[in-house]
Each structure stands twice: as C-alpha cells, then as structure tokens.
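Please read the structure below before turning to the comments.
The values are calculated or read from the model by the stated rules, or taken from the named source; none is laboratory data. A quick note: this is a predicted structure, and the numbers were derived from the prediction, not measured. Ideal geometry is used to build each Cβ from the backbone, glycine not excepted, and the neighbour counts take in all protein chains shown.
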Amino acid sequence: MKIAVCIKRVPDMEARFRIAGDGASVDETGLKFTISDFDEWAVEYALQVKEKQGSGEVVVISLGPDTVQETIRKALAMGADRGVQLKADKIPFDGLAIARALAAELQGGGYDLILFGKVAVDSSNGVTGVMVAELLGLPVVTSVSKLEIANGRGTAERALEGAVEVVEFPLPAVLTVDQGLVAQARYPALKGIMAAKKKPLEVKPAQLGAVQVAVSKMELPAERAAGRIVGEGSAAVPELVRLLQNEAKVL
Amino acid sequence: MANVLAFAETRGGELRKTGLEAVTVARKLADASGGGEVHAMLVGAPGVAKFAETLGAHGADVVLVVEGAGFAQYNPEATAATAAARIKEGGYRAAVFSASAQGSDLAPRVAAKLGVGLASDVTAVEVQGDAVVVRHPVNTGKVVATVKVTGTPAVISVRPGAIAPVQAAKAGRVESVAPAADPAASRVVVKEVRQGSTGKLDLAEAPVIVSGGRGLKAKENFKLVEDLADAFGNAAVGATRAVTDDGWRPHSDQIGQTGRVVSPNLYVAVGISGAIQHIAGMRTSKTIVAINKDKDAPIFKVADYGIVGDVFDVVPALTAAVREAKKAG
Ligand SMILES: Cc1cc2nc3c(=O)[nH]c(=O)nc-3n(C[C@H](O)[C@H](O)[C@H](O)COP(=O)(O)OP(=O)(O)OC[C@H]3O[C@@H](n4cnc5c(N)ncnc54)[C@H](O)[C@@H]3O)c2cc1C
Ligand SMILES: Nc1ncnc2c1ncn2[C@@H]1O[C@H](COP(=O)(O)O)[C@@H](O)[C@H]1O
C-alpha cells in the first residue's frame with residue numbers, strides 16, 4: 001500500500017506560552033517543536049501497516065517554513081520513505097487554505113490511504129483532513145481509534161460521546177487518527193536517524209488557498225479565580241454541599 | 001436581514017442538547033445581524049419532525065426536516081451534501097454546528113463543499129460589522145484565540161456545553177427538505193453504534209460530569225464515581241487517560257488533550273492529579289470540585305472547591321449528601 005501522512009510541526013505543549021509582540025501569535029523564542037501527537041501516531045500506524053505487509057511506501061508531507069524539514073526528518077528517522085515540504089512563510093490558521101495546498105500535492109499521487117491527525121494540538125481545529133478528502137472527492141472517516149483493512153475495504157471504530165461507532169468504507173480513503181490506533185509512537189533509533197539524512201526530501205512551493213479564517217488576537221486565558229480548600233476528609237462534605245447550593249448554585 | 005442555519009443534531013432518534021446549543025448560537029447571530037430568521041436543520045428517521053416544537057421554543061423560525069429511513073443513523077456523506085446544498089440555496093449568512101463527535105465530522109465536510117473556512121470548537125460568538133468573530137482555545141487551552149471569519153457563509157462549530165441553550169419562542173414552522181444525495185449511495189456507512197456503560201447522559205450533554213482518576217486504585221472502585229453521578233441525577237462519567245489506558249473505562253470516556261473537551265456546569269475530579277493534558281479538556285467548566293489526598297496536587301490550582309482527603313472516605317459521604325440535597329430541593 002502507498003500511504004501518505006500529513007504531519008504538522010507544533011510547539012511542545014508542556015511550555016509556558018507567552019504572547020508575541022503582534023498580539024496575535026505565540027512568542028516562539030525558547031519553545032521546543034515536535035510532530036503534533038496525533039500525526040505522530042498516524043506515522044506510526046503507516047509504518048506498522050508497511051511492516052506487516054512487507055511492502056509499500058510511506059510518504060510524509062508537511063506544510064510550512066524550512067523549519068518543518070526537521071519535523072519531516074524525524075518521521076523519516078522513524079522509518080518513512082520520503083518527505084515533501086510544501087514551502088510557505090508561515091502556517092496559516094485557516095484549515096481550508098492548508099487543505100487546498102495539501103490536496104494539490106496529494107492529487108494523482110496514487111495513495112491507498114491518506115492519514116491526518118484528528119486535530120493539530122496547536123490550532124485545535126480538527127478540520128484539515130476532512131477538507132482534503134472533500135477536495136479530492138475521497139471518502140473520509142474521522143477520529144479513527146481502531147482499524148482493519150482487507151480486500152480494498154476498511155472497518156474503523158470511532159469514539160462518540162459515550163458510545164463507539166463502527167464504520168465501513170472503501171479504499172482509497174482519508175482517515176483522521178485518534179488515540180488508541182497505536183499504543184505509542186516509536187523513538188527513532190540511531191540507525192534510523194543516520195538513514196534519514198539520505199532519504200529524499202523534496203521542497204515545493206505551497207499553493208495555499210485564500211484565508212477566510214484568521215486569528216486577530218491571542219491571549220492567555222483568564223486565570224480561574226483562586227479556588228479554596230474547603231476542608232479535609234468527609235467532615236468537609238456538608239460545607240462543600242452548602243457552597244455548591246448557595247454560592248456556585250449548581251446543586 | 002440575514003438568515004442563519006443551525007444544524008440540530010440527533011442521535012439514536014433523540015434530539016441532542018448540542019442541537020439546541022447550535023440553535024441558540026444561530027439565534028444570537030441572526031439577531032445581531034439585523035434580525036434574520038433561524039432555520040434549524042433536523043435530519044433523521046421518519047418521525048424526527050416531532051422535535052420541531054422544541055427547536056421553535058429555542059428560537060428556530062423554520063425547521064427544515066430531512067426525513068428518511070437512510071438517516072436513522074448518522075449518514076455523513078448524504079447529510080453533508082444535503083446541508084451544503086440547502087445552505088447554498090438559502091443564501092445564509094452563517095451556519096452553526098456543534099463541535100461534538102458528529103458535528104466535528106460534519107462541519108468541515110460542509111464548509112469544504114461550500115468552499116469556505118471553518119471556525120471550529122468556539123466558546124463565544126459575536127458579529128462585528130461584516131465579520132463573525134469567535135473565541136477558540138488553542139494550544140491545549142493554554143492560549144485563547146480571537147478568530148475572525150470573513151467567508152460567506154461563516155461556518156462555525158460550537159464547543160459542547162460552552163453556550164447554554166436559551167428559550168426564545170419562535171414559530172418553528174416545519175418545511176420538508178429533500179435529501180441532496182441518496183443516503184444508500186454513501187461510501188462511508190455506519191454499521192453499528194455500540195453504547196457505552198454510561199447510560200443515557202453523555203459527556204457532551206451532561207450538566208454535571210464526575211470524573212475518576214488513578215486515585216481510585218482499581219476498576220471496581222469506579223462504582224464510587226458512578227454512584228456519585230447517579231446521586232446528581234444529571235451527571236455523566238468521565239476519566240483520565242491513565243484510567244482509560246489501563247482499560248478501567250472506555251477511551252470514549254477520556255477527557256483531555258487527546259480525549260474529549262467538555263464544559264459542564266459542574267466538574268467533579270475524583271482522585272485525579274490534574275496533569276496539563278487532563279486540564280486541557282475541562283478547564284472551561286463553570287465550577288470545578290477536586291477530591292485528592294495530596295494537598296499539593298495540581299488539580300487544586302484549577303478547582304473552585306477542594307477537599308483534601310481519601311476518595312474512599314469523601315466520595316461516599318458526598319454521594320449521600322448530594323442525594324439528601326436533591327431530595328430536599
Ligand atoms: C501526549 C499526551 C497526551 C495526554 N492526553 C491526556 C488526556 O487527554 N487526558 C488525560 O487525562 N491525560 C492525558 N495524558 C496523561 C496525563 O499526562 C496524566 O498522566 C494523566 O492525566 C494522569 O491521570 P490521573 O490523574 O488519573 O493519574 P495520576 O497522575 O497518577 O494521579 C492520581 C491522583 O490520585 C491521587 N490519589 C491517590 N490515591 C488517592 C486516594 N485514595 N484518595 C484521593 N486521592 C488519591 C494522587 O494524589 C494523584 O494526584 C496525556 C499525556 C501525554 C504525554
Ligand atoms: N501545516 C501542515 N502540514 C501538514 N499537515 C498539516 C498541517 N496542518 C495541519 N495538518 C494536518 O491536518 C491535521 C488537522 O489539523 P487542524 O485542522 O489544524 O486541526 C493535522 O493533524 C495534520 O495531520
């Protein structure tokens with residue numbers, strides 16, 4: 001199978017974020033960057049499929065400035081075969097603008113599966129994969145946490161609120177990957193890191209679409225008003241219930 | 001005058017609260033842009049039109065009913081095609097979905113078909129001149145973005161629980177709409193919906209969520225959490241990733257960065273440390289209560305009310321006290 005995985009470079013979420021001088025972005029000084037969690041799981045899944053079948057190709061694609069080459073190299077070090085950078089000065093917030101550029105690259109690529117993360121952990125949009133599928137006219141299943149593929153068809157499970165949906169679809173298809181699909185992503189071995197340096201990484205200009213959804217301001221969330229410890233042990237329960245009734249009015 | 005479409009989500013033949021939330025947001029947008037009409041789109045098996053009255057009571061002037069046996073389960077492709085066709089024909093100013101599991105699947109399909117961007121998972125909306133302006137938590141909730149949507153129609157999805165449904169009596173006049181695509185021709189087919197153990201209330205709808213973490217020590221002890229949820233009567237059960245990874249609860253119950261993002265009126269964290277990845281999923285809850293034996297647990301930093309203590313001591317007492325309070329009130 002030929003599998004494409006779209007991976008996004010995002011800041012490590014453990015950081016304490018500061019707002020940049022423009023008031024509409026995050027200050028990147030001192031931040032570490034990684035592959036967005038769900039995208040890394042998608043790479044892992046693609047590699048597992050290839051290993052299981054003993055053949056196939058895994059292509060990773062990332063849109064952004066040259067810094068995304070580091071992100072692509074990491075996926076290559078994990079075991080992906082080749083990478084494509086869709087070069088853009090910055091990564092827009094609008095998922096449709098990104099999707100247009102990714103779809104233009106994926107179109108005619110002959111992929112059996114095109115994998116996305118369910119959501120990018122920085123934008124928290126969760127739209128790009130579905131939009132690429134629509135642009136390419138391919139079936140799409142979102143938030144896949146379990147997957148079986150046989151004879152050109154797939155059966156996927158997706159988590160709903162308090163329920164699990166079982167979905168069938170034909171290949172080629174687009175999937176957005178949720179946790180559960182793989183236990184965890186592998187760490188690149190030294191051998192993989194060395195091999196990755198020689199793997200092909202093609203750079204092309206991104207054909208971004210018009211931007212219709214844009215961030216005009218970023219701010220740190222209002223701190224939650226300082227809470228209080230009501231007391232210790234079950235002795236504190238009556239006071240808690242009183243507060244829930246009279247102060248918070250939620251009981 | 002600009003009309004706004006709201007997608008009134010159903011599941012298993014029931015209208016979902018997330019559908020009413022979408023109607024409420026649509027009402028707000030319509031009123032703010034010169035008093036247009038709200039058209040609620042209701043898709044389901046024959047008989048689904050019975051929810052028109054409820055939608056009218058929450059501000060829908062018109063209820064667009066798409067009925068058919070092929071829509072008994074969520075049918076992503078036919079539903080998206082039908083919604084997009086109607087939005088195009090109707091010349092709507094905006095279209096509002098829920099950022100629930102279903103809405104998060106549907107909204108980007110519809111937006112892409114319309115060739116417009118999507119502002120997803122929004123927690124507040126307003127109209128500013130020609131633009132719809134929304135708030136949307138990014139970077140796992142550690143940063144909040146103000147996002148301007150300039151496409152027409154403006155397509156948005158609303159975080160479940162973030163904006164409470166409001167009554168606003170309107171006609172709710174039923175208009176039947178033909179599907180724009182044959183549901184039987186969909187390539188993506190829902191074969192089965194397996195209900196979890198959580199009973200009727202789920203995380204996107206429940207006004208109260210009681211969540212358990214590793215502090216409960218063993219799968220059986222989740223009974224404590226279920227009993228407390230039961231005492232509230234309007235509560236769903238959530239869990240941390242530590243717990244879902246260990247198989248104590250299904251992954252669909254997980255709250256956090258890699259799970260569900262929720263905003264209930266009351267969130268009770270039982271034996272949960274409060275890792276940032278967990279807090280990312282519940283920090284916009286209106287009131288947070290934490291019960292943890294470690295007074296320095298990070299969960300107390302976001303909790304409005306905390307009890308330092310053993311869950312096996314505190315939770316049964318709280319369950320009994322909530323039952324009492326419910327009986328009295
Ligand atoms: C990329 C990534 C994504 C993640 N996504 C998520 C996510 O979406 N959701 C999520 O929840 N986690 C997520 N995690 C995991 C997260 O980092 C934490 O490991 C997890 O939330 C911890 O769960 P916990 O609070 O149940 O367990 P612990 O951290 O082990 O905390 C248990 C708590 O129980 C208390 N306790 C113990 N015994 C008792 C007792 N008898 N009475 C009272 N209190 C007691 C302890 O003091 C402790 O505070 C993610 C991690 C990573 C790296
Ligand atoms: N700049 C990008 N380059 C490559 N893939 C991306 C990019 N942005 C988003 N994606 C993919 O789209 C998914 C969803 O992103 P989003 O819609 O922003 O939440 C991500 O998990 C990635 O798989």
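Being within 13 Å of chain B (Cβ to nearest Cβ), part of a strand (DSSP E or B), closer than 26 Å to residue B:257 by Cα and of a type in the set (S, T, N, Q), is that true of even one residue in the range A:182-204? No, the range A:182-204 contains no residue that is within 13 Å of chain B (Cβ to nearest Cβ), part of a strand (DSSP E or B), closer than 26 Å to residue B:257 by Cα and of a type in the set (S, T, N, Q).
For residue B:265, only one of the following conditions fails: (1) modelled with pLDDT of 95 or more; (2) within 16 Å of ligand 1 (Cβ to nearest atom). What is its number? Every condition holds for residue B:265 apart from (2). Just checking, does the range A:205-221 include any residue being under 28 Å from residue B:243 (Cα atoms) and of a type in the set (D, E, K, R)? Scanning the range A:205-221 turns up no residue that is under 28 Å from residue B:243 (Cα atoms) and of a type in the set (D, E, K, R). Considering every residue within the range B:175-187, establish whether at least one is in contact with a Phe, Trp or Tyr (Cβ under 7 Å, 6 or more places away or on another chain), more than 9 Å from every other protein chain (Cβ to nearest Cβ) and modelled with pLDDT of 95 or more. Yes, there is a match, as at least one residue in the range B:175-187 is in contact with a Phe, Trp or Tyr (Cβ under 7 Å, 6 or more places away or on another chain), more than 9 Å from every other protein chain (Cβ to nearest Cβ) and modelled with pLDDT of 95 or more. Taking each residue of the range A:116-129 that is of a type in the set (D, E, K, R) and looking for partners that are within 6 Å of ligand 2 (Cβ to nearest atom) with beta-carbon atoms closer than 8 Å, six or more apart or interchain, yields A:118/A:38; A:118/A:126; A:118/A:129; A:122/A:8; A:122/A:36. Within the range A:134-170, being more than 8 Å from chain B (Cβ to nearest Cβ) and under 20 Å from the mean Cα position of the chain (by Cα) holds for A:136, A:138, A:144, A:146, A:147, A:156, A:157. The set of residues in the range A:90-131 that are more than 8 Å from ligand 2 (Cβ to nearest atom), outside any loop (DSSP other than H, G, I, E, B) and more than 8 Å from every other protein chain (Cβ to nearest Cβ) comprises A:100, A:101, A:103, A:104, A:105, A:106, A:113, A:114.
If you go through the range B:275-296 and keep only what is near ligand 1 (Cβ under 7 Å from one of its atoms), surrounded by 22 or more Cβ atoms within 10 Å (Cβ to Cβ) and over 21 Å from the mean Cα position of the chain (by Cα), you end up with B:291, B:292. Applying the condition of being facing chain A (nearest Cβ under 8 Å) and among the aromatic types (Phe, Trp, Tyr) to the range B:294-328 and asking which residue is nearest to residue B:218 (Cα to Cα) yields B:300.
Scanning for something crowded, with 24+ Cβ neighbours inside 10 Å, away from ligand 1 (no atom under 16 Å from the Cβ), more than 10 Å from chain A (Cβ to nearest Cβ) and modelled with pLDDT of 95 or more, does the range B:99-107 turn up at least one residue? Checked the range B:99-107: at least one residue is crowded, with 24+ Cβ neighbours inside 10 Å, away from ligand 1 (no atom under 16 Å from the Cβ), more than 10 Å from chain A (Cβ to nearest Cβ) and modelled with pLDDT of 95 or more. The condition of being in contact (Cβ under 8 Å) with a residue 12 or more places away in the chain, within 7 Å of another protein chain (Cβ to nearest Cβ) and hydrophobic (A, V, I, L, M, F, W, C) holds for only one of B:158, B:110, B:62, B:116, that being B:116. Evaluate the following for residue A:62: is it within 16 Å of ligand 1 (Cβ to nearest atom), assigned to a strand (DSSP E or B), touching a residue at least 24 places away in the same chain (Cβ under 8 Å) and crowded, with 24+ Cβ neighbours inside 10 Å? Answer is no for this residue. For the range A:143-176, what are the residues that are crowded, with 23+ Cβ neighbours inside 10 Å and more than 17 Å from residue B:76 (Cβ to Cβ)? Passing the criteria: only A:162.
Of all the criteria given as (1) within 14 Å of chain B (Cβ to nearest Cβ); (2) more than 11 Å from ligand 2 (Cβ to nearest atom); (3) aliphatic (A, V, I, L, M), the one not satisfied by residue A:3 is (1). Selection over the range B:126-152 of residues that are closer than 22 Å to residue A:130 by Cβ and in contact with a helix residue (DSSP H, G or I) (Cβ under 6 Å, 6 or more places away or on another chain) gives a count of 0.
If the condition is being exposed (fewer than 14 other Cβ atoms within 10 Å of the Cβ), more than 7 Å from chain B (Cβ to nearest Cβ) and touching a residue at least 60 places away in the same chain (Cβ under 8 Å), then the range A:205-230 contributes only A:205. Inside the range B:225-236, residues that are outside any loop (DSSP other than H, G, I, E, B) and not hydrophobic (A, V, I, L, M, F, W, C) make up a count of 3. Among the residues of the range A:99-116 satisfying the criterion of being touching a Lys or Arg at 6+ places or on another chain (Cβ under 9 Å) and more than 12 Å from residue A:62 (Cα to Cα), which is surrounded by the most Cβ atoms within 10 Å (Cβ to Cβ)? For the range A:99-116, the residue satisfying everything is A:113.
Only a single criterion out of (1) buried (at least 20 other Cβ atoms within 10 Å of the Cβ); (2) over 25 Å from residue A:223 (Cβ atoms) is not satisfied by residue B:159, namely (2). Checked against (1) within 14 Å of chain A (Cβ to nearest Cβ); (2) part of a helix (DSSP H, G or I), residue B:95 meets all criteria but (2).
Residues that are more than 16 Å from ligand 1 (Cβ to nearest atom), part of a helix (DSSP H, G or I) and within 14 Å of chain A (Cβ to nearest Cβ) do not occur anywhere in the range B:49-56.
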